[in-house]
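Scroll down for the structure; my scribbles are underneath it.
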Amino acid sequence: MTVVAQSAGQGPRATARRLAGSLHRRPRLRLALLLTAPLLWLAVLYLGSLAVLFVSAFWTTDSFTSEVVKVWSADNFHALFTTPVYRQVILRSVGVALAVTALCVVIAFPVAFYTARVARPRWRPLLVVAILTPLWASYLVKVYAWRLILSQGGLADWLLEPLGLSGPGFGLPAAVLTLTYLWLPYMILPVHTALAQLPANLLDASADLGARPGRTFRSVVAPMVLPSVAAGSIFTFSLSLGDYITVQIVGGKTQLIGNLVYSDIELDLPMAAALGTVPVVVIVLYLLAMRRTGALSSI
């Protein structure tokens with residue numbers, strides 16, 4: 001009986017050892033097994049949702065009952081590019097995303113340069129933590145804090161009053177300013193990493209060859225940091241393009257794609273789906289453009 005029990009106990013262990021050895025000798029099979037579940041989850045939920053979104057964009061809505069009619073038509077996409085309001089909203093949304101990205105680059109570079117090259121080494125981890133700290137706060141708390149800052153008689157008016165100026169109030173500038181604050185850490189971190197990895201001997205060699213700081217920046221620093229800037233821009237651009245809560249809270253009467261999708265989702269689902277495909281297409285085109293800079297390998 002003891003021999004039989006030992007043999008039965010060794011059977012599963014031997015099978016497990018053989019399976020582990022087989023997986024150890026086949027790293028590609030091991031990787032495939034590890035990625036199967038998350039890839040299936042991605043394909044079913046994310047890509048499946050995008051497919052349903054794209055298909056429903058070709059349906060129509062009954063003007064009398066407001067019910068969705070599953071009849072194939074390209075009227076929704078035709079209305080997007082022929083109706084002035086939709087064209088303005090699309091261009092405004094892309095413009096806001098580009099403006100937020102540009103502001104993040106302008107602000108992030110000097111901050112990242114200080115944290116990576118100027119600050120003392122023992123302070124650099126603390127500065128990185130300080131940059132990450134706003135990401136730990138609630139999204140809505142940060143947006144409503146900016147609403148209080150930009151409101152009439154708020155902190156912005158109080159600071160600008162001695163100069164005879166006033167804050168921007170609620171509107172498109174307020175939305176761009178708030179979105180810049182929200183997504184700025186996503187630009188600072190990759191630029192900080194790129195500058196920290198920049199070899200110091202390259203800067204010394206450029207100075208020894210007589211290059212001024214501006215020439216060193218254009219010829220040495222910028223080409224090496226550009227992929228990281230492009231990687232950060234993917235986050236700032238895509239997050240700004242799809243945002244609608246910030247615009248709704250501090251944007252005043254400003255309308256972006258997200259706001260129209262939110263307002264049409266119950267009234268005209270196919271049109272909302274057609275509007276929802278616009279940021280998806282724009283972001284895919286943006287990713288293809290950034291791929292040429294090597295940004296995807298820097299993420």
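Here are the numbers for this structure:
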item	result
PRO227 being modelled with pLDDT of 85 or more and either assigned to a helix (DSSP H, G or I) or among the charged types (D, E, K, R) (or both)	yes
Flag if GLN255 is of a type in the set (S, T, N, Q), assigned to a loop (DSSP other than H, G, I, E, B), open to solvent by 40 Å² or more (accessible area, probe 1.4 Å) and out of contact with any Ser or Thr (no Cβ under 7 Å at 6 or more places or on another chain)	yes
Test: residue in the range 239-252 that is open to solvent by 10 Å² or more (accessible area, probe 1.4 Å), closer than 14 Å to ARG92 by Cα and of a type in the set (A, V, I, L, M, F, W, C)	no
Helices (runs of 4 or more DSSP H) lying entirely in the range 46-133 (those with 3 or more residues that are over 20 Å from VAL280 (Cα atoms) and either of a type in the set (Asp, Glu) or out of contact with any strand residue (DSSP E or B) (no Cβ under 6 Å at 6 or more places or on another chain) (or both))	84-113
Yes/no for MET224 being open to solvent by less than 20 Å² (accessible area, probe 1.4 Å) and over 25 Å from VAL176 (Cβ atoms)	no
Failed item in (1) of a type in the set (A, V, I, L, M, F, W, C); (2) modelled with pLDDT of 80 or more; (3) part of a helix (DSSP H, G or I), with PHE170 passing the rest	(3)
All positions within the range 56-82 that are among the β-branched types (Val, Ile, Thr) and in contact with a helix residue (DSSP H, G or I) (Cβ under 8 Å, 6 or more places away or on another chain)	THR60, THR61, VAL68
Residue count for the range 206-235, restricted to those that are closer than 28 Å to VAL100 by Cβ and charged (D, E, K, R)	1
Qualifying residue in the range 257-266 (condition: closer than 25 Å to VAL68 by Cα, among the aromatic types (Phe, Trp, Tyr) and touching a residue at least 12 places away in the same chain (Cβ under 8 Å))	yes
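The values are calculated or read from the model by the stated rules, or taken from the named source; none is laboratory data. In this text, all values refer to a predicted model and were calculated from it rather than measured experimentally. FYI the Cβ positions are ideal-geometry reconstructions off the backbone, even for glycines, and counts take in every protein chain you see. What goes into the accessible areas is simple: the full protein's heavy atoms, side chains included, and nothing from ligands, DNA or RNA. Shrake-Rupley method; radii C 1.70, N 1.55, O 1.52, S 1.80 Å.
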